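Beneath this line is the structure, given in structure tokens, with notes to follow.
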Amino acid sequence: MKAFIVHSPKNSSVEEVENPVAQAGQVVVQVARVGVCGTDVEFFNGDMPYLHSGHAKFPMRLGHEWCGTVISVGSESDKNWIGKRVTGDTMLGCGKCKRCLSGIQHLCEDRHEIGVRNGWSGALAEQLLVPVTALYELPDSIDDTMGALIEPGGNALRAAQAAQAAPGKTILIFGSGTIGLLAAQFAMAMGATVHMISLDTKTLALAKDLGVKEVSQEFIPSKVGFDAVIDATNSHQVPAQAVEAVEPGGRLVLIGFAGSPSLFDSRRLVLKDVTAVGILSGSPALNSVIEFYSSGKIDPRPLVAATVGLAVTADVLSDKKISGASNGPKILIDPTI
């Protein structure tokens, strides 16, 4: 099969590799769509912290936002999966430790992360090996484009939930990338009024189209704060601004990840009685995202700027302009073209 492989920073190729073979408790998925994520870009550029901590090393096969169809299984007991359209959890816990047994397997110290951590090959290929325990079946109401947006949707939904989005709540989101825009959609679907700050005028325009009340390119401090603030950026300066923007007694949600430490005065959290929440993974919310998408309450497809073939992956990761792309922040890869 064909697979996109990163050999070293900014050095990649599409190659013929051996097809995966499912062992007991595993399936092989024919990949239909893969989302390119900021984490993939960090690996491609050589900046991802896992490369320095030893949790990942080159060569790598990236891709952790995906959907496809099960084509083979490793156990007779799992044959009912064959032919089903699926997506899957990125986080693969050991299944034995305290964290796994308490339902937070995405925090397992010994976890694999598909296309990210501890050598589990990702979905930027024609086929993908996945444990049965990580699979989620997709209903017919969710097409391949939506299916590839379930994993980032899980992160965004958890951010909206942590912000306690509800009718009467006003939420400020820093960042108009995929997570920021999806978090806005979930928060609005839950009844909240959403404001957004971003430097990207194109995705801010999309945010307005999606229903965000007010958008801006700069943070202007105000005496009246927001009930919750979500940082969905990679800027080390935003958390300090977010602390100032949140109303006393409000909630600060951190899902963005900067390349350098983000510093703010923790005394401000204490004096404002603010609850701060960090979000690592979408794992606990994947089922709920499928329900949101399937019901039609949220349509994530406007976020997709273009769908291209595997051969164009390096251009996408290099942030080269993709011909015909719209204003959306997400590029999908279709390994069949």
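The values are calculated or read from the model by the stated rules, or taken from the named source; none is laboratory data. Keep in mind it's a predicted model, so treat the numbers as computed, not measured. Neighbour counts are summed over all protein chains in view; Cβ atoms, including those assigned to glycine, are modelled from backbone coordinates with ideal geometry.
May I ask you to verify whether Val29 is surrounded by 23 or more Cβ atoms within 10 Å (Cβ to Cβ), over 11 Å from Val6 (Cβ atoms) and either in contact with an Asp or Glu (Cβ under 9 Å, 6 or more places away or on another chain) or not basic (Lys, Arg) (or both)?
Details: surrounded by 23 or more Cβ atoms within 10 Å (Cβ to Cβ): yes; over 11 Å from Val6 (Cβ atoms): yes; either in contact with an Asp or Glu (Cβ under 9 Å, 6 or more places away or on another chain) or not basic (Lys, Arg) (or both): yes.
When the stated conditions are applied, Val29 passes them.
Tell me which residues, restricted to segment 32-53, are exposed (fewer than 13 other Cβ atoms within 10 Å of the Cβ) and free of Cβ contacts under 8 Å to residues at least 40 places away in the same chain.
Filtering segment 32-53 for residues exposed (fewer than 13 other Cβ atoms within 10 Å of the Cβ) gives 47, 49, 52-53.
Answer for segment 32-53, where residues must be exposed (fewer than 13 other Cβ atoms within 10 Å of the Cβ) and free of Cβ contacts under 8 Å to residues at least 40 places away in the same chain: Pro49, His52, Ser53.
Among the residues of segment 264-283, which ones are within 24 Å of the chain's Cα centre (by Cα) and more than 22 Å from Met196 (Cβ to Cβ)?
Of the residues in segment 264-283, the ones within 24 Å of the chain's Cα centre (by Cα) are 275-283.
If the condition is that a residue be within 24 Å of the chain's Cα centre (by Cα) and more than 22 Å from Met196 (Cβ to Cβ), then Leu280, Ser281, Ser283 are the ones that fit.
Between Ile230, Ile290, which is surrounded by 20 or more Cβ atoms within 10 Å (Cβ to Cβ), in a helix (DSSP H, G or I), at pLDDT 95 or above and of a type in the set (A, V, I, L, M)?
Working: Ile230 fails: in a helix (DSSP H, G or I).
Of the residues listed, the single one that is surrounded by 20 or more Cβ atoms within 10 Å (Cβ to Cβ), in a helix (DSSP H, G or I), at pLDDT 95 or above and of a type in the set (A, V, I, L, M) is Ile290.
Could you please give the count of residues in segment 77-98 that are crowded, with 17+ Cβ neighbours inside 10 Å and either farther than 18 Å from Leu128 by Cα or under 22 Å from the mean Cα position of the chain (by Cα) (or both)? Break it down into steps so the answer makes sense when it comes.
Residues of segment 77-98 crowded, with 17+ Cβ neighbours inside 10 Å: 78, 81, 85-93.
Checking the rest, the ones that are also either farther than 18 Å from Leu128 by Cα or under 22 Å from the mean Cα position of the chain (by Cα) (or both) come to 85-93.
Adding up the residues that qualify gives 9.
Please tell me if Ile114 is β-branched (Val, Ile, Thr) and either free of Cβ contacts under 8 Å to residues at least 12 places away in the same chain or buried (at least 24 other Cβ atoms within 10 Å of the Cβ) (or both). If you could, list the steps in order and put the result at the bottom.
Numbers: β-branched (Val, Ile, Thr): yes; either free of Cβ contacts under 8 Å to residues at least 12 places away in the same chain or buried (at least 24 other Cβ atoms within 10 Å of the Cβ) (or both): yes.
For Ile114, the condition - β-branched (Val, Ile, Thr) and either free of Cβ contacts under 8 Å to residues at least 12 places away in the same chain or buried (at least 24 other Cβ atoms within 10 Å of the Cβ) (or both) - is met.
Out of curiosity, is Val73 of a type in the set (A, V, I, L, M), crowded, with 17+ Cβ neighbours inside 10 Å and in contact with a Lys or Arg (Cβ under 9 Å, 6 or more places away or on another chain)?
On the way: of a type in the set (A, V, I, L, M): yes; crowded, with 17+ Cβ neighbours inside 10 Å: yes; in contact with a Lys or Arg (Cβ under 9 Å, 6 or more places away or on another chain): yes.
The answer is yes for Val73.
Working only within segment 185-227, note down all residues that are under 16 Å from Leu269 (Cα atoms) and surrounded by 22 or more Cβ atoms within 10 Å (Cβ to Cβ).
Phe226
If only one of Asp144, Asp110 is acidic (Asp, Glu) and under 21 Å from Tyr50 (Cα atoms), which one is it? Step through it out loud before you land on a result.
Numbers: Asp144 fails: under 21 Å from Tyr50 (Cα atoms).
On inspection, the qualifying residue turns out to be Asp110.
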